[in-house]
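A.B. asks: Please find one structure pasted underneath; my questions will follow.
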2 protein chains.
Amino acid sequence: MHHAFQNGYGTDMARPRTFDEDRALDAAMRAFWANGYEATSTQDLCEATGLGRSSIYNTFTSKHDLFRRALTRYIEIMSAPQAEILEDAGRSGMERIQALFARIVNSEYEYREDDEASIGCLTVNTVVELARRDPEAAALVERDLGTRLGLLRIALEAGQRDGTITAERDTDALARFINATIGGMRVSAQAGAGRAALESIADTALVALRP
Amino acid sequence: MHHAFQNGYGTDMARPRTFDEDRALDAAMRAFWANGYEATSTQDLCEATGLGRSSIYNTFTSKHDLFRRALTRYIEIMSAPQAEILEDAGRSGMERIQALFARIVNSEYEYREDDEASIGCLTVNTVVELARRDPEAAALVERDLGTRLGLLRIALEAGQRDGTITAERDTDALARFINATIGGMRVSAQAGAGRAALESIADTALVALRP
DNA sequence: CAGGTTTTGTACTGACCCATCCAATACTTG
DNA sequence: CAAGTATTGGATGGGTCAGTACAAAACCTG
């Protein structure tokens, strides 16, 4: 008996899938992101992905597992460009933080249905809705928090060296402050803040980083 | 035929309630606060309040209506002491903001089951989980946001007059910044930040307000 | 204590929940 | 083209959801 290989080519295949697993995962991620875990039913996931129940359960074993993968993917997608910004040796420390904030503001508009309210950030949404009672989700976001704080520290240390970031506070505290500011911007966006308001928040936060 | 008066004494009564409506509302508020709207079932509400289904539906007509009242009550309970702090003429503008932050930090520990993670802030939780698809909830938190921004502006204007708050930025922007910082602290707390981390975030934010 | 009225517990409703089962389908390999 | 295998759609299952119906209980008023 041959193993399943869950469509991992290289074994004798039978009927191939008619959908792209990554695209389906993206669609599911969007659904969870926009509506939250509890409010997204498996039926919703079928409609969002265009798949039937069998295909979903055959591919992603359970709603919870699908969410875990969706959250993992979200974190991957979002982390990479942020890392690029924060580790960009071509910019000063302060410029990196500024660029990060700009990206956060833009992201609130990139992933939004027209004239709907912002859907915020899946990580923040997960912390608020789920982290207390879902240890797996909590572990994922905690891990993500750790890496983001690390990246922030890298940029902040660069800023302290090049003189664009205050050296009066340790980078750990500053990193947590920036992270909290981003969370606050995300919540503000979901509460209806417009682009100007978000930019103003970011701009004000930068004052605290000045030397 | 006499009207119901929903146990509003003053009419001929029949069987009186064996529970206190306010206490029940408090218990329901706690349940929603800790677990969110979707994840709190009517059964959970029965257990949290100690009431039977009949009593709950007789008193609060529906889960959604009970949530609306719980959120309203939460906002009432939290607003009053914050207003007192922000309008306290005995303190400088900066001191008022400092005191507000201190209160936020403390509140993350007052309402927490022992060694459990923080349950955050019902307003923030509602914005994130519900505001996009529940217009009533959105209206309540938006209204609350308006009054809080107003109170913050009062303190900030006082601070600009007494010289403890920078006059380089208008109070509207500063108020939004502080509000976002509070939201960020709330999310950070739910993500596992301890007291020291929260105090550090608040302390760093204050730097941006200095003249 | 009797009449009237509200509360309360229990059983119940119909809808939806997540997940599984199974037969029909469609493809690859030999 | 035949054999074998994975995917797919649709039906199905047990459980929980919010909310209701109803009768028994509990109390006030007169």
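A.B. asks: Check region A:68-88 and report whether any residue there is in contact with a Lys or Arg (Cβ under 8 Å, 6 or more places away or on another chain), more than 26 Å from A:D134 (Cα to Cα) and small (G, A, S).
C.D. replies: No, because not a single residue in region A:68-88 is in contact with a Lys or Arg (Cβ under 8 Å, 6 or more places away or on another chain), more than 26 Å from A:D134 (Cα to Cα) and small (G, A, S).
Condition check ((1) without any contact (Cβ under 8 Å) to a residue 24 or more places away in the chain; (2) in contact with a Ser or Thr (Cβ under 7 Å, 6 or more places away or on another chain); (3) β-branched (V, I, T)) across all residues:
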{"site": "B:L149", "(1), (2), (3)": "no, no, no"}
{"site": "B:I154", "(1), (2), (3)": "no, no, yes"}
{"site": "B:A175", "(1), (2), (3)": "no, no, no"}
{"site": "B:G184", "(1), (2), (3)": "yes, yes, no"}
{"site": "B:I201", "(1), (2), (3)": "yes, yes, yes"}
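For (1) of a type in the set (A, V, I, L, M); (2) within 16 Å of DNA strand C (Cβ to nearest atom), each residue gets a yes or a no:
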| site | (1), (2) |
| --- | --- |
| B:L66 | yes, yes |
| B:L71 | yes, no |
| B:E110 | no, no |
| B:D115 | no, no |
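A.B. asks: Mind listing just one residue for me: the one in region B:114-123 that is out of contact with any Phe, Trp or Tyr (no Cβ under 6 Å at 6 or more places or on another chain) and within 10 Å of chain A (Cβ to nearest Cβ) and, of those, surrounded by the fewest Cβ atoms within 10 Å (Cβ to Cβ)? Walk me through how you get there before you give the answer.
C.D. replies: Filtering region B:114-123 for residues out of contact with any Phe, Trp or Tyr (no Cβ under 6 Å at 6 or more places or on another chain) gives B:114-118, B:120-121, B:123.
Those still in the list that are within 10 Å of chain A (Cβ to nearest Cβ) too: B:116-118, B:120-121, B:123.
Numbers: B:E116: 9, B:A117: 17, B:S118: 24, B:G120: 27, B:C121: 25, B:T123: 26.
Looking at residues that are out of contact with any Phe, Trp or Tyr (no Cβ under 6 Å at 6 or more places or on another chain) and within 10 Å of chain A (Cβ to nearest Cβ), I get B:E116.
A.B. asks: Filter region B:29-41 for residues that are within 12 Å of DNA strand D (Cβ to nearest atom) and hydrophobic (A, V, I, L, M, F, W, C); which is nearest to the other protein chains (Cβ to nearest Cβ)? Please lay out each step first, then the result.
C.D. replies: Going through region B:29-41, the residues within 12 Å of DNA strand D (Cβ to nearest atom) turn out to be B:31-32, B:35-41.
Checking the rest, the ones that are also hydrophobic (A, V, I, L, M, F, W, C) come to B:31-32, B:39.
Values: B:A31: 13, B:F32: 12, B:A39: 5 Å.
Filtering region B:29-41 for residues that are within 12 Å of DNA strand D (Cβ to nearest atom) and hydrophobic (A, V, I, L, M, F, W, C), the one nearest to the other protein chains (Cβ to nearest Cβ) comes out as B:A39.
A.B. asks: For region B:110-211, give me every one of the helices (runs of 4 or more DSSP H) that falls completely inside it and has 3 or more residues that are over 18 Å from the mean Cα position of the chain (by Cα).
C.D. replies: Numbers: elements: B:122-129, B:135-162, B:171-190, B:195-207.
Those helices (runs of 4 or more DSSP H) span B:135-162, B:171-190, B:195-207.
A.B. asks: For region B:39-48, what are the residues that are under 17 Å from A:A131 (Cα atoms) and in contact with a helix residue (DSSP H, G or I) (Cβ under 7 Å, 6 or more places away or on another chain)?
C.D. replies: Keep residues of region B:39-48 that are under 17 Å from A:A131 (Cα atoms), which gives B:39-40.
B:T40 - this is the single residue of region B:39-48 that is under 17 Å from A:A131 (Cα atoms) and in contact with a helix residue (DSSP H, G or I) (Cβ under 7 Å, 6 or more places away or on another chain).
A.B. asks: Turning to a different aspect of this structure: What are the pairs, 6+ residues apart or on separate chains, where a residue within region A:124-144 that is more than 7 Å from every other protein chain (Cβ to nearest Cβ) has its Cβ under 7 Å from a residue that is hydroxyl-bearing (S, T, Y) and buried (at least 21 other Cβ atoms within 10 Å of the Cβ)?
C.D. replies: From region A:124-144, the pairs are A:L130/A:Y37; A:A137/A:T126; A:D144/A:T123.
A.B. asks: Determine if region A:184-192 includes at least one residue that is surrounded by fewer than 20 Cβ atoms within 10 Å (Cβ to Cβ) and hydroxyl-bearing (S, T, Y). Give the derivation first.
C.D. replies: Taking region A:184-192 as the starting set, the residues that turn out to be surrounded by fewer than 20 Cβ atoms within 10 Å (Cβ to Cβ) are A:192.
Then drop every residue that is not hydroxyl-bearing (S, T, Y), which leaves none.
Within region A:184-192, none of the residues are surrounded by fewer than 20 Cβ atoms within 10 Å (Cβ to Cβ) and hydroxyl-bearing (S, T, Y).
A.B. asks: For residues that are more than 27 Å from B:F32 (Cα to Cα) and modelled with pLDDT under 95, tally how many sit in region A:109-149.
C.D. replies: Final tally of qualifying residues: 7.
A.B. asks: Just wondering, is there one or more residues in region B:150-167 that are at pLDDT 95 or above, in contact with a helix residue (DSSP H, G or I) (Cβ under 9 Å, 6 or more places away or on another chain) and either within 28 Å of A:D144 (Cβ to Cβ) or facing chain A (nearest Cβ under 7 Å) (or both)? So that I can check it myself, show each step before the final result.
C.D. replies: So in region B:150-167, the residues at pLDDT 95 or above come out as B:150-167.
Remaining after also requiring in contact with a helix residue (DSSP H, G or I) (Cβ under 9 Å, 6 or more places away or on another chain): B:150-167.
Those still in the list that are either within 28 Å of A:D144 (Cβ to Cβ) or facing chain A (nearest Cβ under 7 Å) (or both) too: none.
No - not one qualifying residue is present in region B:150-167.
A.B. asks: Same structure, new question: Is it the case that region A:187-200 has a residue that's at pLDDT 95 or above and more than 13 Å from chain B (Cβ to nearest Cβ)?
C.D. replies: no
A.B. asks: If B:E47 satisfies every condition in (1) at pLDDT 95 or above; (2) crowded, with 19+ Cβ neighbours inside 10 Å but one, which is the exception?
C.D. replies: It fails just one condition, (2).
The values are calculated or read from the model by the stated rules, or taken from the named source; none is laboratory data. Being a predicted model, the structure only gives us computed values, none of them experimental. Note that each Cβ is placed from the backbone with ideal geometry, even for glycine, and that neighbours are counted across all protein chains shown.
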